[in-house]
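Working notes, beginning with the structure itself.
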Amino acid sequence: MTDKNDTMVPDLYVDPFGERSPTMIRKRLQLLGARFRFESNSRQLLHLVDAAFADLPRHRLSAAVPRLKVSLLLKGGDPPRRRRRFEPPALNMFSAVGFLGGVPDSSNFVVMSPQELAALVVVSPAMLRFPYHTRYELIEFAVFTLAARTQSLVPLHAACIGRGGRGVLLMGPSGSGKSTVTMQWLLQGLDFLSEDSVFVTPDTMLATGISNFLHVRSDSLRWIERSRDASAIRKSPVIRRRSGVRKFEVDLRRDRFRLAPSPLKITAVVFLSGQNAGGRPLLTPLSTPRLLARLTAAQAFAAGQPQWSAFSEGVSKLEGFEMRRGRHPLEAVEALQELLGTRAR
């Protein structure tokens with residue numbers, strides 16, 4: 001007589017990749033010109049999706065809106081065990097969006113397939129102790145990359161502000177004042193598109209972005225005239241960048257700030273300088289060759305993408321400027337308002 005236990009098959013062999021897992025939790029959002037479907041086995045991960053993308057304007061870039069899928073898997077729930085030196089971490093099997101795979105138990109990773117219109121984000125419980133990094137470095141990274149690759153958008157490390165449907169790209173190294181100028185722009189009730197990641201259609205020069213947060217250093221608050229505005233920012237959570245810099249993370253969806261309701265038509269590119277204007281005009285025009293040279297140098301990653309040539313052609317029809325610092329960031333806001341109001345083509 002065969003013992004009952006002899007016929008039992010371990011779960012690992014019945015469903016090694018977890019393909020028979022219970023139905024996942026799903027959420028749908030329109031972002032960056034695409035319709036995203038998020039699905040996850042973790043409410044904590046979907047909470048981070050909400051933290052990043054809830055209540056944002058529904059931008060549309062073309063008549064054909066791609067449908068993209070992002071799977072977020074929380075893998076491994078057991079506390080770490082003390083292992084012998086010769087024993088490596090156990091292999092953790094997974095399946096999602098057409099992928100089958102296995103990774104060590106403690107791994108966190110992102111894989112994307114633009115051809116399949118899908119991305120997979122795998123997160124360990126240990127990583128969830130760092131919600132900012134999980135959201136910013138894994139979830140947002142997957143969404144940004146998938147949206148850009150599937151729609152042939154040009155990904156730029158820049159800020160974008162606007163007025164009346166027209167937009168200006170603000171570029172400059174860390175410390176050049178992009179966040180300070182953007183903060184003052186927002187406080188004047190003007191349109192905000194994105195703090196540091198902008199995506200542009202090379203043929204129409206329409207820009208989209210995620211207008212969720214503004215990250216502000218404490219020393220920038222001295223420029224805020226109304227004490228209640230500074231007080232509200234000081235109540236925001238503080239995040240720590242990989243560089244070690246600490247900033248207030250201001251949720252722009254929770255106040256009176258104006259988020260660009262639709263993509264902005266880029267009309268100018270402005271490079272912020274740390275040098276003082278010394279009483280001279282803040283904006284110095286750049287010739288087209290100089291504009292394109294500075295743009296290529298500032299956007300090394302984007303310059304290697306297939307759509308860069310068409311984008312450069314579009315930029316060659318725009319105005320370019322270097323902006324030096326005035327006595328107060330509001331001077332920069334006034335100069336940019338004039339640029340959008342009288343010089344935009």
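Sorting 31-41, 210-220 by average packing, meaning the other beta carbons within 10 Å per residue, from highest down gives 31-41, 210-220. Counted over the stretch 188-284, the DSSP beta bridges are approximately 90% antiparallel.
Normalised per residue, the accessible area of the stretch 144-188 is 30 Å², obtained with a 1.4 Å probe and no contribution from ligands, DNA or RNA. When only the Cβ of Lys, Arg, Asp and Glu is charged (+1, +1, -1, -1), the dipole of the stretch 103-260 relative to its Cα centre reaches about 700 debye.
Listed values for the stretch 159-176 are Karplus-derived 3J(HN,Hα) couplings in whole Hz (6.51 cos²θ - 1.76 cosθ + 1.60, θ = phi - 60°), namely 9, 9, 10, x, 7, x, x, 9, x, 10, 8, 10, 10, x, x, 4, x, 7, and x replaces Gly and Pro.
Residues whose amide H comes within less than 5 Å of that of SER176, counting only those at least five positions distant or on another chain, are absent (H built at 1.01 Å from N in the peptide plane).
Rolling a 1.4 angstrom probe over the stretch 23-63 with all protein chains present gives an accessible area of which 43% lies on carbon and sulfur atoms. Across the stretch 187-196, rounded Karplus estimates of 3J(HN,Hα) from the backbone phi angles (6.51 cos²θ - 1.76 cosθ + 1.60, θ = phi - 60°) give 5, 8, x, 9, 6, 10, 10, 6, 7, 8 Hz, Gly and Pro being marked x.
Between the stretch 283-345 and the stretch 155-202, what's the alpha-carbon centroid distance in Å? The stretch 283-345 and the stretch 155-202 have Cα centres spaced 11 Å from each other. With every protein chain in place and a 1.4 angstrom probe, the accessible-area ranking of GLU249, GLU338, largest first, reads GLU338, GLU249. For the pair ASP255 and GLU313, label points projected 7 Å from Cα toward Cβ lie 4.2 nm apart. Using a probe of 1.4 angstrom and keeping all protein chains present, the accessible surface of the stretch 191-345 works out to 50 square angstrom per residue. With an a/c value of 1.5 or above and a/b not larger than b/c for the gyration tensor axes a ≥ b ≥ c computed over the alpha-carbon atoms, the stretch 253-294 is described as oblate. Protein heavy-atom surface of the stretch 192-296, 1.4 angstrom probe: 48% of the accessible area is carbon and sulfur, with nucleic acids and ligands not counted.
The values are calculated or read from the model by the stated rules, or taken from the named source; none is laboratory data. From a predicted model like this one, the values you see are computed outputs, not experimental measurements. Counting neighbours? That spans all protein chains shown, and the Cβs are built from the backbone with ideal geometry, glycine included. The protein model used for the area step is the full one, side chains on, heavy atoms only, and it has no ligands, DNA or RNA in it. Shrake-Rupley method; radii C 1.70, N 1.55, O 1.52, S 1.80 Å.
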